[in-house]
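Right, one structure below, let's go through it.
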Amino acid sequence: MKFQCFIAICLIAFHQATAFSQGRKADYERSESLDRRVADKVTREQIQPAWRPDGTFWYRVKTDPGQSWEWVNIDPARATREVVIDSAQLKNAIEKVTENKPSGNMIDDLAPVKNSGTVFRLRLGGRWWLWNKNAGELKSDTDQSSPENGRQIQSGPRASLRQGAETFVTFVNKTTSNAHLQWVDPDGKPKGYGHIAAGQERRQHTFGGHVWRVFDDAGNDLAWVEAEDTPTRFEINAVSQSNRPAPKKAEIPKKKRSGRLNATANGIEIRDFNIIRKEAGKDAVIKLTSDGTADDAYQGPLLVSPDGKYLVARRVKPEQTHTVTIVESSPTDQLQPKRIEFQYLKPGDRIEQARPMLFDLTTNKPIAIETGLIENPWSLGDWHWAEDSSEIYFIYNQRGHQLVRLVGLNSTTGKLRVVAEEKFATFVDYPNKIWHHWLPGSKKLVWMSERSGWNHLYLIDATTGNVEKPLTSGEWLVRKVEKFDEKTSKIWFYAGGYFKDQDPYFQHLASVNIDGTDLKFLTKADGHHTVTFSPDGKYLLDRYSRVDQPPSHLLLDAASGREIVRLESANATALTNAGWTVPERFSTKGRDGKTDIYGVIYRPSNFDSSRKYPVIEEIYAGPHGAFVPKSWGLQMRQHKLAELGFIVVQIDGMGTNWRSKAFHDVSSRNLADAGYPDRKIWIREAAKTRPWMDLTRVGIYGGSAGGQNAMRALIDHHDFYKVAVADCGCHDNRMDKIWWNELWLGWPIGPQYEANSNSVHAHRMQGKLLLVVGELDRNVDPASTMQVVNALVKANKDFELLVVPGAGHGAAETPYGSRRRTDFLVRYLMGIEPRSD
């Protein structure tokens, strides 16, 4: 009997181990097949409107996994949504055509025939056809010209309309200069993927339907490429064309910079580091300056006042030379290694020194300028002449980034005055929160400021520097100005934190008049919103979603936010049936016991609440943003890790962006904090109601700033985190790029840099650590990783190092680097050999 019981127990244990294995061969197979299993499983997820001059538009939408579509016509004025034709109807109609049968089955353009009600013109296979909905008939159109109210190119990049199978596009740069890559996400937002040098090629991982923009150093489009579901090869030439027409890029109206373009018309130019002036009808050249040299040169922009009497230029001392050298060990075109050198300023280096220069063009003489308000500049820019030529205004950013001023320079006296100012003991977030717009016909401007502790908009009288009124206020923040309509004096902007029952990171579109009246939130649904305007500005196409809710598309009135037509609501049933798990949102109070901290939790598809799962945190705590995903996406990296038997979490702790100024200031001179006090509380609180989270086995990984963060976990928080993978980390901020590190850690270089250095504190590291670096990283000097390696060796610490030949920034995201990271986490958090049976 005892023997039989023993056998029964063994069989139960074997069954449990087989059914609920973690990190075994079957788990790897399930994880690695996830891309294929979930590809192209979401329907009605993405649309791209094709607007017509009459204010109507059409789009196509995927209706079933596979190649089933509907073509939909929208008339906003009538608030109607009409399905014109679907794939099945189109297929049947094409089969009935006897002559000149259309090639292909994708409609390129669509327009209703006037006064018919049921007949539409379709461009199919390069030709126009007439489609009669009631008769179900397709026949060739005798008029092959474009429809009278035909398609108008939408402003904004063409978005990735679907996510098909995992695939690759090999880009081959046949031009003589760099070719730059951007992926355009479903919201139409471009995301940079670096560059391909002349004559080189790159095998780019992507998904079918994803759209890639290729452009040159000057920003000119070279190609727009939509990935196929199977691997393809694309040659980039100077005259490359996309496989679909690319729309023009939408732009917020730029601030006027009066005088920028009229210097040449006045005969003023830079020659041999000096400014000269050629008078109309005369051969003689007037030298406005003669003391310019390569080391102290006069430079543009050359800005002539509206009345033509004054000129402003810059005089510039160049930055120091700081050459970083890397070695390409295994180039594809030769056996011997290549040495690569490039200019790369680091914190504390001597930067370019610019100062304004003012000239009286009636006398061709300089006017002395006071310098007390603009000493030690990081930059001078955003020049703007007053319409009466009395002053020119510019943004002065002081080195150290604790002071940013809008300065007025008097054109007759050379005196400077402060018009508006941002000054903090911590930092001014100038890349994200310094913005202004001059109002035409007045000396007033709209100014963005965190002076209240929250990022808001203010109307400022430039003659006095006084704030006339706040345009927005409260314990919420303006994230970005999207549109400024000077005719109606209305501003549209994205905001966060306004709806107290929603995640404060959710982005909503709002509008306000420049007199501070009529504040309206135009999007209200519980989710993260991205909005595009119709070409005439009357309508908004609102796409909103959450990590746990697929996208919906609404057509809204741009003035009131009133819903006109619900266009589409995505269906993800096939996705979840295929093994993709819906992320779980969770929030709890942070270190102060008051502030909500937000994050997400990913579980494996074979999740069993009766088991224990090791926990992995994906970290990126850079103060320049917030990084927990808020909108719908597959998040395949996190899901594939979870499939191996992990619980994966992402958290935005204090010190990251897009909350209050106080929340953000935690990172000031304190990058080592990385929000860890909040992160540990968050994970522990989540585990209280989720006993399947095993907090005795917690790991962490990240890249770049996240790589610095991940290693820091084993230096300062090894009581909680036991395993870390740190990829391409800026382990000592003195080794990394100047602008990012001086912004958050300050200038001049002081003890705060050593306090935040992983290299200096490497001797305190405890736990299992894998360092990853690409030998060709141009973003973070690879020596940063090698110096932390040196410190670990000197401290006699055990660790692992992976150097990936030929890889740049983000080497752990290469197929090999990703596999090694995964295996490391499995080996040391699960205590087994990866892929074992």
How many of the residues making up the stretch 788-822 are surrounded by fewer than 17 Cβ atoms within 10 Å (Cβ to Cβ) and either of a type in the set (S, T, N, Q) or touching a Gly at 6+ places or on another chain (Cβ under 9 Å) (or both)?
5
Quick one: is Val698 open to solvent by 10 Å² or more (accessible area, probe 1.4 Å) and among the β-branched types (Val, Ile, Thr)?
no
Residue count, the stretch 807-829 (criterion: more than 25 Å from the chain's Cα centre (by Cα) and farther than 17 Å from Gly729 by Cα)
10
Criterion violated by Pro306 - all others in (1) part of a strand (DSSP E or B); (2) modelled with pLDDT of 95 or more; (3) not polar (S, T, N, Q) satisfied:
(1)
Quick check on my filter: what residues within the stretch 110-157 are modelled with pLDDT of 85 or more and in contact with a Gly (Cβ under 6 Å, 6 or more places away or on another chain)?
Ala111
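If you check Arg585, Arg611, which single one turns out to be part of a strand (DSSP E or B), in contact (Cβ under 8 Å) with a residue 40 or more places away in the chain and either surrounded by fewer than 21 Cβ atoms within 10 Å (Cβ to Cβ) or not hydrophobic (A, V, I, L, M, F, W, C) (or both)?
On inspection, the qualifying residue turns out to be Arg585.
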Of the residues that sit in the stretch 738-748 and are out of contact with any Phe, Trp or Tyr (no Cβ under 7 Å at 6 or more places or on another chain) and not β-branched (Val, Ile, Thr), which one is most open to solvent (accessible area, probe 1.4 Å)?
Trp739
Out of curiosity, is Leu825 open to solvent by less than 70 Å² (accessible area, probe 1.4 Å), at pLDDT 95 or above, not in a loop (DSSP other than H, G, I, E, B) and not basic (Lys, Arg)?
yes
Single unsatisfied condition, Ile601 versus (1) within 30 Å of Phe663 (Cβ to Cβ); (2) surrounded by fewer than 18 Cβ atoms within 10 Å (Cβ to Cβ); (3) touching a Pro at 6+ places or on another chain (Cβ under 7 Å)
(2)
Enumerate the pairs (first residue in the stretch 192-206 and assigned to a loop (DSSP other than H, G, I, E, B); second residue anywhere and open to solvent by less than 70 Å² (accessible area, probe 1.4 Å)) with beta-carbon separation below 7 Å, excluding pairs fewer than 6 apart on the same chain, so at least 6 apart or on different chains.
Ala197/Asn173; Ala197/Asn178; Ala198/Asn173; Ala198/Thr175; Ala198/Ser177; Ala198/Asn178; Gly199/Asn173; Gln200/Asn173
Subset of the stretch 760-780 that is assigned to a loop (DSSP other than H, G, I, E, B) and open to solvent by less than 10 Å² (accessible area, probe 1.4 Å) - its residue that is nearest to Val725 (Cα to Cα):
Met765
Given the criteria assigned to a loop (DSSP other than H, G, I, E, B), surrounded by fewer than 19 Cβ atoms within 10 Å (Cβ to Cβ) and modelled with pLDDT of 95 or more, does Pro629 qualify?
yes
Enumeration of residues in the stretch 382-424 that are within 30 Å of Ser667 (Cβ to Cβ), open to solvent by 10 Å² or more (accessible area, probe 1.4 Å) and in contact (Cβ under 8 Å) with a residue 60 or more places away in the chain
Asp382, Arg399, Gln402, Phe424
Which residue is farthest from Asn670 (Cα to Cα), if the candidates are limited to the stretch 428-448 and must be open to solvent by less than 50 Å² (accessible area, probe 1.4 Å) and over 22 Å from the mean Cα position of the chain (by Cα)?
Ser442
Residue check: is Met735 open to solvent by 10 Å² or more (accessible area, probe 1.4 Å), under 24 Å from the mean Cα position of the chain (by Cα) and either aromatic (Phe, Trp, Tyr) or more than 20 Å from Val826 (Cα to Cα) (or both)?
no
Among the residues of the stretch 526-547, what is the count of those that are more than 21 Å from the chain's Cα centre (by Cα) and open to solvent by 30 Å² or more (accessible area, probe 1.4 Å)?
5
When the stretch 276-303 is checked residue by residue, the ones that are aliphatic (A, V, I, L, M), more than 17 Å from Val316 (Cβ to Cβ) and exposed (fewer than 10 other Cβ atoms within 10 Å of the Cβ) are Ala280, Ala284
Among the candidates Pro102, Pro53, which residue alone is in contact (Cβ under 8 Å) with a residue 24 or more places away in the chain, under 27 Å from Glu228 (Cα atoms), in contact with a strand residue (DSSP E or B) (Cβ under 6 Å, 6 or more places away or on another chain) and in a loop (DSSP other than H, G, I, E, B)?
Pro102
Could you tell me whether Lys483 is among the charged types (D, E, K, R), open to solvent by 10 Å² or more (accessible area, probe 1.4 Å) and more than 24 Å from Val666 (Cα to Cα)?
yes
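The values are calculated or read from the model by the stated rules, or taken from the named source; none is laboratory data. In this text, all values refer to a predicted model and were calculated from it rather than measured experimentally. Methodologically, a virtual Cβ is constructed for each residue, glycine included, from the backbone with ideal geometry; neighbour enumeration extends over all protein chains shown. When the accessible area is computed, the model is the full protein with side chains, heavy atoms only, and any ligands, DNA or RNA have been set aside. Shrake-Rupley method; radii C 1.70, N 1.55, O 1.52, S 1.80 Å.
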